[in-house]
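A quick write-up on the structure given underneath.
The values are calculated or read from the model by the stated rules, or taken from the named source; none is laboratory data. Here the structure is a predicted model, which means the values were calculated and not measured. Ideal geometry is used to build each Cβ from the backbone, glycine not excepted, and the neighbour counts take in all protein chains shown. Side chains are part of the model used for accessible areas, which takes the heavy atoms of the whole protein and leaves out ligands, DNA and RNA. Shrake-Rupley method; radii C 1.70, N 1.55, O 1.52, S 1.80 Å.
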Amino acid sequence: MSKNSITQKEITQLISGRKRIKLINTAILTADINHIIVKDIVELYLKFNFCRNITWIDNNGNELKTSNIFINIYNICLNLLLTPFFKRNISKLIALEQKEGNLNSINFNSELHLQYLRTDHWFNLKSGGSVGHTSGVISGLVKKGVLHNILSSSKLFNVNWKSNFKIARPDYSKSANIPNLPELVYNLFLMNSFFLKKNEVEFNALYQRYSLGNFFGIYLRRKYQLPLILEFNGSELWVSKNWNNKKIFFYDILKKIETLNLTYADKIVVVSQVLKTNLIEQGINGDKILVNPNGVDVEIYQSNCGGTSVKNELNISDKSVVGFIGTFGAWHGALVMACAIEKYFKKYPRSETKFLLIGEGNDLPEVKKIIKQSGFEQNVIFTGRIDQVDGPKYLDACDILLSPHIPNPDGTEFFGSPTKLFEYMAMGKAIIASDLNQIGEILEHNKTAILVEPNNAEILAEAIHQLMLNKELQQVLGKNAREEVIAKYSWDKHVDRILNFVKK
């Protein structure tokens, strides 16, 4: 009997009662086979619902059979028994950092030797804004000669620098069935495994990409009295609540860790002015915060880098193409874009126009549903997930690129700095984007892009139509956007701003 394919998100919906599927044989898709959250709970649920054959499959196609019921129960009980122990130890360590950590700023040496810390619990990522940002910053720091060591929770896609690169993969065996506990336990693993002796430290400053529940950078700062640069791209607690609709476990501890990092870091790098303002309102010293928008590798992202071959492969070489790339997150405005596509074809039935939607994510199923119900499915191409390295040639296949971001659902200001925005600019293509906070500050209407009212499908559809008719304006907008991004927003410029801020 053939197997159904189901994602971990759909399994969560099953368990919570929000989804009903009769499963006999099933293959569950997961990002990383060794770091599956609530694995035993999911397996027990399926077994008790008479699913006889279950297989986990990761992004690389690797398969992992399920455990028997007794092992499932044993693992769950073990995780539950160990939770108070882990919680108590983490709380003690946080209290120690709060008590003995040095509130005063630690000076940076004139010649930097940075240790880069990447502690995210996202594994095997091959595309997305975080992939581009991480690889861009690392490559920029390497070029400047200041990055000497990298410690990462997993392999970093598109990072070719191998010197002094250590991978410290978290062990989920004692915590996987308790959501958010693996992030906390990872601190203990790092503290017991790395930099135990002073003579093992080959760096004089720290750079950490902040991740939920991690304070290893703060620990190293206190232990060796080394200054810390904290890259803070937004509160993951806020994102989980407002964008992912995800329940957070150990919220109080995780909030303390977030505050600890922001309070004790010597320098903080944020991607937008809104983020800086939010941190100042929380009591964080504004003098140590640098607003540094995202960037792009302008040598990789440029026109004529393979778009013709993509159009030939997709059989759209004679079409005008409107493109979008992203992870289809709530903030991307993909649902508004889908409605705009429907309105566009209803009002302006143009068979020569194709929409190329690149990527995958939570809102993709709903986008596909809207497009299918509209009756214009033949005019929209969904590529699914592509590797980061293939992104430029797919963008190069487009004439117009969309960035339809929407405001935050809770009414707070949009704090993002979309990586796709700078990639679009570097491609030298015409852009239609939401006039929303930093997006409207980076882009200039009728000079580097067409700016439209956010969350308005009618206006977005009309903007697409008007720009599609004006080939000359498309060329002018694309040319101006590329010149702007080269002058201000390459990863080299991004890193220069960080190093100048540190020196100052």
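On a 21 Å Cα-Cα criterion, which of the cross-link pairs 126/166; 311/471; 166/241 come out too long?
Details: 126/166 19 Å; 311/471 19 Å; 166/241 32 Å.
Exceeds cut-off: 166/241.
Taking the stretch 154-205, which GluC sites (Glu not before Pro) meet the DSSP loop condition and have no more than 14 other C-beta atoms within 10 Å? Provide the component values of the computation, followed by the final result.
Values: sites: 183, 200, 202; in loops: 202.
Passing sites in the stretch 154-205 are 202.
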Checklist outcome for this item: the stretch 131-168 scanned against label point 7 Å out from residue 193 along Cα→C-beta; backbone N under 12 Å for 151-155, 166-168
Checklist outcome for this item: In order over the stretch 468-473: 3J(HN,Hα) from phi, Karplus 6.51/-1.76/1.60, θ = phi - 60°, whole Hz, x for each Gly or Pro, gives 5, 7, 10, 5, 5, 5
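With runs of 4+ DSSP H residues as the only contributors, calculate the mean residue ellipticity of the chain at 222 nm using -39,500 (n - 2.57) per run, divided by the residue total and rounded to the nearest 500. Let's see the in-between values first.
Details: 18 runs with 214 residues, N = 504.
Using -39500 (n - 2.57) per qualifying helix, the result is -13000 deg cm²/dmol.
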Checklist outcome for this item: When the charge dipole of the chain is computed with +1 at the Cβ of Lys and Arg and -1 at the Cβ of Asp and Glu, the Cα pointing farthest to the positive end, of 259, 56, 317, is that of 56
Item to check | Of 454, 128, 70, farthest towards positive along the dipole that unit charges on Lys, Arg, Asp, Glu beta carbons give the chain | outcome: 70
Item to check | Label point at residue 372 placed 7 Å out along Cα→Cβ; residues across the stretch 321-335 whose backbone nitrogen lies under 13 Å | outcome: none
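To the nearest 0.05, what FRET efficiency results for residue 74 and residue 472 with a Förster distance of 56 Å applied to their C-beta separation?
Numbers: r = 69 Å, r/R0 = 1.23.
After rounding to 0.05, the efficiency reads 0.20.
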Checklist entry - Under 5 Å between amide H atoms, partner at least 5 residues away or on a different chain: which partners does residue 233 have, H built in plane at 1.01 Å? => result 210
Item to check | Pairwise centroid distance, computed over Cα atoms, of the stretch 461-504 with the stretch 175-234, Å | outcome: 35 Å
Next on the checklist: Could you give the length gained by full extension between residue 48 and residue 503, i.e. 0.36 nm per residue of separation minus their alpha carbon distance, to one decimal place?
Outcome noted: 157.7 nm
Next on the checklist: Given the options 419, 430, 101, identify the residue whose Cα lies farthest towards the positive end of the charge dipole of the chain (+1 on Cβ of Lys, Arg; -1 on Cβ of Asp, Glu).
Outcome noted: 101
Checklist entry - If we restrict to alpha carbons, what Rg and Dmax does the stretch 281-325 come to, in Å? => result 20.0, 56
Checklist entry - Based on the Cβ-Cβ distance of residue 281 and residue 104, what FRET efficiency does E = 1/(1 + (r/R0)^6) give at R0 = 30 Å, to the nearest 0.05? => result 0.85
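Sort 135, 317 by accessible area with a 1.4 Å probe, largest first.
Details: 135 15, 317 75 Å².
These residues rank, largest area first, as 317, 135.
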Checklist entry - Out of residues 5 or more away from residue 290 or on other chains, whose amide H comes under 5 Å of its own, with H placed 1.01 Å from N in the peptide plane? => result 268, 269, 270
Checklist outcome for this item: Rounded to two decimals, the Rg over Rh value of the stretch 306-386 from Cα coordinates and the Kirkwood Rh reads 0.95
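Give me the percent relative contact order of the chain, please, defined on Cα pairs under 8 angstrom at least 6 residues apart. Before the final figure, lay out the partial values.
Values: 889 pairs, mean separation 64.6, N = 504.
Worked out over the chain, it gives 13 percent.
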Next on the checklist: Starting from the Kirkwood Rh over alpha-carbon pairs, what translational D in µm² s⁻¹ does the stretch 130-241 have by Stokes-Einstein at 25 °C and 0.890 mPa s?
Outcome noted: 160 µm²/s
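For the chain, what % of the accessible area comes from carbon and sulfur atoms, probe 1.4 Å?
Working: 11320 of 22550 Å².
C and S fraction of accessible area: 50 percent.
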Checklist outcome for this item: Counting every C-alpha pair in the stretch 69-124, the percent lying more than 18 Å apart is 69 percent
Next on the checklist: Please report the net charge: other residues with Cβ closer than 12 Å to the Cβ of residue 138, K and R +1, D and E -1.
Outcome noted: +3
Checklist outcome for this item: Given backbone amide H placed at 1.01 Å from N, residues whose amide H is under 5 Å from that of residue 298, ignoring those fewer than 5 places away on the same chain, are 491
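Scaled to the compact-protein estimate 2.2 N^0.38 Å, what is the alpha-carbon radius of gyration of the stretch 326-372, rounded to two decimal places? Don't skip to the answer; put the middle values down first.
Numbers: Rg = 10.9 Å, N = 47, 2.2 N^0.38 = 9.5 Å.
After normalising by residue count via 2.2 N^0.38 Å, the value is 1.15.
Take the residue pairs 267/420; 393/420; 99/197 and return only those whose Cα atoms are more than 19 Å apart. Can you show the working numbers first?
Numbers: 267/420 26 Å; 393/420 14 Å; 99/197 22 Å.
Beyond 19 Å: 267/420; 99/197.
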Checklist entry - How large is ³J(HN,Hα) for each residue in the stretch 103-111, as worked out from phi by the Karplus curve 6.51 cos²θ - 1.76 cosθ + 1.60 (θ = phi - 60°), to whole Hz, x for Gly and Pro? => result 5, 6, 5, 8, 6, 8, 5, 5, 10
Checklist entry - In Å², what does the accessible area per residue of the chain work out to with a 1.4 Å probe? => result 45 Å²
Item to check | Principal axis dimensions, the stretch 226-320 - Cα atoms, whole angstrom, descending | outcome: 56, 33, 25
Item to check | Separation of the residue 113 and residue 126 label points, Cα + 7 Å toward Cβ, nm | outcome: 3.7 nm
Item to check | Cα centre as origin, Lys/Arg/Asp/Glu Cβ charges: the chain dipole, Debye | outcome: 1320 debye
Item to check | Backbone HN-Hα couplings from phi across the stretch 379-395 [Karplus 6.51/-1.76/1.60, Hz, Gly and Pro as x] | outcome: 9, 10, 10, 9, 8, x, 5, 10, 5, 4, 5, 8, x, x, 6, 6, 5
Checklist entry - So, in nm, how far is label residue 67 from label residue 313 when the simple model puts each one 7 Å beyond its Cα toward the Cβ? => result 4.1 nm
Next on the checklist: As a test of the definition: which semi-axes, in Å, follow for the chain when you take the square root of five times each eigenvalue of its alpha carbon gyration tensor? Largest first, please.
Outcome noted: 38, 32, 20
Checklist entry - When DSSP beta bridges are limited to those with both residues in the chain, what percentage is antiparallel, rounded to the nearest 5? => result 5 percent
